[in-house]
Amino acid sequence: MAQHPTVLILTQEFDPTADPVVHALRERDAEIVRVDLSYFPQQLSLTASDFGAERRVLRHRDRAVDLDALDGVWYRRPTTFAFDPAMGEAEVQFARSEALHGVGGILRATDCLWVNRPDLDGTAELKPYHSQLAKRLGFRTPRTLMTNDPAEVTALLRESGGKIVYKALSGGVVHYPGAFPNGLLTTVVGEEMNEHVDRVRHTICTFQEYIEKAYEVRLTVIGNTYFPVVITSQSEDSTAVDWRGADELPYGDYVPLPDHIVKNVHALMDELGLVYGAVDFIVTPDGDHVFLEVNPNGQFIWMEHDLGLPMGTCLAELLMSGRAFRRGDVTQIGY
């Protein structure tokens with residue numbers, strides 16, 4: 001590892017989740033380059049040259065960064081490119097297409113630790129895919145219907161005794177003009193769904209069987225370190241269906257994951273090629289862990305803050321490691 005490891009963080013300007021990682025990196029004398037892709041092309045430049053001395057360079061303000069000398073890249077939550085407003089729509093479309101291929105290709109050629117590579121993130125975010133993969137690897141998953149056929153939903157509702165769950169595939173954020181983004185939480189629906197079932201035709205809709213919960217687990221995977229956090233969601237009405245419905249979460253005492261669940265998560269992360277991921281489980285009254293989803297870019301700052309978990313430090317040390325990630329023995333961290 002270099003004397004002063006260099007870490008590139010790609011994220012938007014306001015990103016509180018990045019702050020503890022930046023702090024931990026600074027404490028360890030790492031060189032930090034934090035930029036947003038919206039800086040390109042007006043404030044940020046990239047250059048790749050394969051003649052003479054091969055080079056890949058990122059420049060922002062007065063800094064020039066040798067991309068081949070990076071120890072780690074954290075692809076956190078960057079926003080999209082911002083082009084000159086004087087450009088016409090056709091020119092912007094062309095420039096965006098060129099930038100996607102060019103910037104993406106230059107960064108992808110960087111041979112260091114990625115958390116996570118954006119191409120792998122993109123695949124892992126496809127919930128129908130990763131849910132099917134989880135089932136194949138041995139997880140119990142909810143019975144799930146994805147469709148835009150109203151008759152299919154009516155049939156599932158009938159077979160499920162008039163109680164099913166609706167959830168969004170893509171985060172569930174609706175942007176209405178002039179208003180704050182509106183999030184769609186997971187919702188229990190019943191016979192009233194029959195009155196509006198024709199709306200299903202507008203897009204793919206996801207419905208699942210309702211599963212009784214004892215509690216839930218948000219597992220944050222950072223390399224080979226696992227942080228399982230118990231959420232006693234059934235203790236409050238606001239969190240009973242979707243724990244995101246409360247400002248303050250009801251945490252339960254630490255419970256380590258069973259060995260077979262750790263083994264399955266390990267295999268899932270390996271199949272998806274992820275170094276980082278946030279995995280959600282329902283734990284039934286019988287103690288079964290039911291896999292819901294893996295978010296390759298899930299938030300963790302609230303758990304670090306509330307429970308004192310060293311997640312930012314763990315991620316910082318991983319990014320400074322200066323080598324491709326190797327999957328190994330798992331360490332579970334309690335609180």
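The values are calculated or read from the model by the stated rules, or taken from the named source; none is laboratory data. This one's a predicted model, so the numbers in the text were calculated from it and none came from an experiment. Here the Cβ positions follow ideal geometry from the backbone for every residue, glycine too, while neighbour counts run over all protein chains shown. The accessibility values were calculated without ligands, DNA or RNA, using every heavy atom of the protein model including side chains. Shrake-Rupley method; radii C 1.70, N 1.55, O 1.52, S 1.80 Å.
Counting other Cβ atoms within 10 Å, which chymotrypsin sites (Phe, Trp or Tyr not before Pro) in segment 46-116 have at most 10 and lie in a DSSP loop? Please list the in-between numbers first.
Working: sites: F51, W74, Y75, F81, F83, F94, W114; in loops: F51, F81, F83.
Sparse-neighbourhood loop chymotrypsin sites (Phe, Trp or Tyr not before Pro): F51.
Measure off, as a whole percent, the carbon and sulfur share of the 1.4 Å-probe accessible area of segment 114-162, all protein chains present. Please report the intermediate quantities before stating the final value.
Numbers: 1240 of 2540 Å².
Carbon plus sulfur share of accessible area: 49 percent.
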Report, ordered by chain and residue number, the lysines lying within cross-link reach of K163, taken as a straight Cα distance under 28 Å and ignoring same-chain residues fewer than 8 apart.
K127, K135, K213
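By the gyration tensor of its Cα atoms, with a ≥ b ≥ c the square roots of the eigenvalues, what is the shape of segment 99-154: rounded for a/c under 1.5, prolate for a/b over b/c, or oblate? Kindly include the intermediate steps, with their values, before the conclusion.
Values: a/c = 6.11, a/b = 2.00, b/c = 3.05.
Judged from the Cα gyration tensor, segment 99-154 comes out oblate (a/c at least 1.5, b/c at or above a/b).
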Send over a whole-number figure in Å² for the accessible area per residue of segment 227-278, probe 1.4 Å.
46
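Output the antiparallel fraction of DSSP beta bridges having both residues in segment 185-335, as a percent to the nearest 5. Intermediate results must be reported in sequence, preceding the final value.
Working: 22 of 24 bridges.
DSSP beta bridges in segment 185-335 are roughly 90 percent antiparallel.
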Probe 1.4 Å, all protein chains in place: accessible area of T187 in Å², nearest 10?
60
Quick check: net charge around A240, other residues with Cβ under 13 Å of its Cβ, Lys/Arg +1 and Asp/Glu -1?
-3
Any idea what the alpha-carbon Rg over 2.2 N^0.38 Å comes to for segment 32-115?
1.13
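Over the chain, what is the relative contact order in whole percent, taking alpha-carbon pairs under 8 Å and six or more residues apart?
Values: 596 pairs, mean separation 69.1, N = 335.
Here the relative contact order equals 21 percent.
For E192, what is the net charge nearby, where nearby means another residue's Cβ is under 13 Å from its Cβ and Lys, Arg count +1, Asp, Glu -1?
For residues surrounding E192, the net value is 0.
Shape call for segment 41-87 from the C-alpha gyration tensor, a ≥ b ≥ c root eigenvalues: rounded (a/c under 1.5), prolate (a/b greater than b/c) or oblate? Walk me through the intermediate numbers first.
Details: a/c = 2.27, a/b = 1.38, b/c = 1.64.
Verdict is oblate for segment 41-87.
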R63 accessible area, nearest 10 Å², 1.4 Å probe?
100
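Just to confirm a number: summing +1 for Lys and Arg and -1 for Asp and Glu over residues other than I333 whose beta-carbon lies under 14 angstrom from that of I333, what do you get? Walk me through the intermediate numbers first.
On the way: positive: R218; negative: E304, E317, D329.
The answer is -2.
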Please figure out what share of the DSSP beta bridges in the chain is antiparallel and state it in percent, rounded to the nearest 5.
75
Note to self, the chain gives a 222 nm [θ] from helices alone (DSSP H runs n ≥ 4, -39500 (n - 2.57) apiece, / all residues, nearest 500) of -8000 deg cm²/dmol
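Just need the relative contact order of segment 234-335 here, percent rounded to a whole number, with Cα pairs under 8 Å and 6+ apart. Write out the running numbers ahead of the final one.
On the way: 67 pairs, mean separation 21.5, N = 102.
Relative contact order, segment 234-335: 21 percent.
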